[in-house]
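Down below is the structure, laid out as C-alpha cells.
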Amino acid sequence: KDIPGTSAVSPGSSKECAPDSESPAGTGEADYCRRILVRDAKGTIREIVLPKGLDLDRPKRTRTSFTAEQLYRLELEFQRCQYVVGRERTELARQLNLSETQVR
C-alpha cells in the first residue's frame, strides 16, 4: 500500500527483516517484520520497517462525525474534567447517543 506522500517502488519490493539465527529452515530471516521500499515526494527511495502482522489492506474505520451539540457537550465536559470515567461516561454517552468509546 502507498503511504501518503510516497509511492511504492515495486509491488514485490517487500522483504524480510535482518537475519535471525533462530528462524526456521535456516533462511536467516526474521518472521516478525517486513521492509518496504517507498519513494518520497522528492524521489528519494527509503526503507520502512513494518510489523509483518500489520494488515495494510483492511478497510480503515470510519471517523465519527459528531453533531455541533455533541461537540459542545463533550468540550464542556472536557473543560470540567479531562477524564470522564465510569458512570459519568456511561450517562454522557447515553445522553449524546454515542458509544462509551466515542465519549472517551
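The values are calculated or read from the model by the stated rules, or taken from the named source; none is laboratory data. Being a predicted model, the structure only gives us computed values, none of them experimental. Positions of Cβ are backbone-derived with ideal geometry, glycine not excepted, and every protein chain shown enters the neighbour counts. SASA here: full protein model, heavy atoms, side chains in, ligands and nucleic acids out. Shrake-Rupley method; radii C 1.70, N 1.55, O 1.52, S 1.80 Å.
Computed quantities for the displayed model
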quantity	calculated
In Å², nearest 10: area of Thr44 left accessible to a 1.4 Å probe	70 Å²
For Arg39, solvent-accessible area (1.4 Å; no DNA, RNA or ligand), Å²	90 Å²
In nm, spacing of pseudo-spin labels at Glu91 and Glu47 (7 Å Cα→C-beta vector)	5.7 nm
